[in-house]
Amino acid sequence: MNVPRIAGHDAIKMTTSTPTFLHDIVKTSRDMWSKGWAEANAGNISLRLTPEIVEANTAFFRTSEWVALQRSVPSLGGEVFLVTGTGRYLRNVELFPEKNVGVIEIDDAGKTYRVLWGYKPAGAPTSELGPHLGVHAVRKAKSDNAERAVIHTHAPNIVALSNALDLDTRILTRLLWRIHAECIVVFPEGVEFIPWLLPGSVDIAEATARALEKRRVAVWQFHGILAAGRNLDAAFGLIDTVEKAAAIYVRAVAAGGVKNQLSVAQLRDLAARFHVQPDETILGEST
Ligand code: 13P
Ligand code: ZN
């Protein structure tokens, strides 16, 4: 039988030759958009690729000029990252991955990077590359090489709390822990609150990297949230949990105020039941 060429033919060909490193980032980008966290070009994602994934996809790679990093990351020398592009919309990642996402390689000294794939026809990694790489360096060391994903996004309820309340790390973490039972189990080490710093600056890269020595999630005042995890689902799940607790708080306030919440004793019971060790400087003695 004479099978006519159909419009879908090229699309099918494209799918079978899609680099395998794209699967997770496409899903995560879609989820971030669906959650309402990623208006316009808001938010960015990075994933430290395993040597196996890099090896399996070298046929897709090209070489390009080395570009200086804003802040050197010696412990990431030789690592390869999948990173969303600056100015790109996460909602478009699944439509045009090769335009909206790229793969970069860090040189052995951790001072420069070059593009191996993507950012077509022209582009560059996110303007938040500094915080992303700073956090990767810290979390790689802290997790014995296990944590590979970093997500930053503009989750609205957590940003609203940074507008409505006077926060610090202790106040914010206790507020979240006490409003919903899941929180102390998911982030027993707490959420770091980072007062306003310029997006994409060396200052925000250094402050965030310092914060993630102790925790896996930080809130940037008036701006958004950043989390690290062993994969994109883990980093996404952390942000989702923080954002959901913030939303519950906002709803409780809208419904008349927070009259009842978990006590310190109840939080201690939860921590014991789920075998997590909360940051005692935050949990404290008082109810
Ligand atoms: P990019 O488009 O450079 O990733 O910036 C988005 C953003 O959220 C900056 O904080
Ligand atoms: Zn941002």
Exercise. Taking R0 as 35 Å, what's the FRET efficiency between Ala146 and Arg251 from their Cβ-Cβ distance, rounded to 0.05?
Worked result: 0.50
For this session: Mind grabbing the base-10 log of I(q)/I(0) for the range 145-272 at q = 0.13 Å⁻¹? Debye formula, identical points on the C-alpha positions, no solvent, two decimal places.
Result: -0.50
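Might you tell me the accessible area per residue for the chain, computed with a 1.4 Å probe and given in Å²?
Values: 14000 Å² over 287 residues.
I get 49 Å² per residue for this part.
Arrange the peptides 83-91, 24-32 so that the one whose residues have, on average, the most other Cβ atoms within 10 Å appears first.
Details: 83-91: 22.0, 24-32: 20.2.
Peptide ranking by packing, descending: 83-91, 24-32.
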Problem set entry | Pairwise label distance in nanometres, Asn231 with Arg170, each label 7 Å out on the Cα-Cβ vector | 3.8 nm
Exercise. Anyone know which of Pro156, Pro19, Pro125 comes out most mobile in the 10 Å Cα GNM of the chain?
Worked result: Pro19
Exercise. With each label point set 7 Å from Cα along the Cα-Cβ vector, what nm distance links Val67 and Val26?
Worked result: 2.5 nm
Problem set entry | Per DSSP, loop chymotrypsin sites (Phe, Trp or Tyr not before Pro) in the range 156-202 with at most 15 further Cβ within 10 Å | Trp196
For this session: Take the chain, connect every pair of alpha-carbon atoms lying under 10 Å apart with a spring to form a Gaussian network, then pick out the residue of Ala255, Ala40, Ala181 with the largest mean-square fluctuation.
Result: Ala255
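Can you tell me the FRET efficiency between Glu55 and Glu182 if r is taken as the Cβ-Cβ distance and R0 is 45 Å, rounded to the nearest 0.05?
Numbers: r = 38 Å, r/R0 = 0.85.
That pair, Glu55 with Glu182, gives E of 0.75.
Leaving out ligands, DNA and RNA, what percent of the accessible area of the range 149-205 is carbon and sulfur, probe 1.4 Å?
59 percent
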Exercise. Sequence-distant or interchain residues sharing an amide H contact under 5 Å with Phe193, placed H: which?
Worked result: Thr169, Val219
Exercise. So if we plug the beta-carbon distance of Phe222 and Phe274 into 1/(1 + (r/R0)^6) with R0 = 45 Å, what FRET efficiency do we get, rounded to 0.05?
Worked result: 0.85
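The values are calculated or read from the model by the stated rules, or taken from the named source; none is laboratory data. Computed from a prediction, not measured in an experiment: that's the story for all the values here. A quick note on method: Cβ atoms are made from the backbone with ideal geometry, for glycine too, and the neighbour counts reach across all protein chains shown. Only protein heavy atoms, including side chains, enter the accessible area calculation; ligands, DNA and RNA are left aside. Shrake-Rupley method; radii C 1.70, N 1.55, O 1.52, S 1.80 Å.
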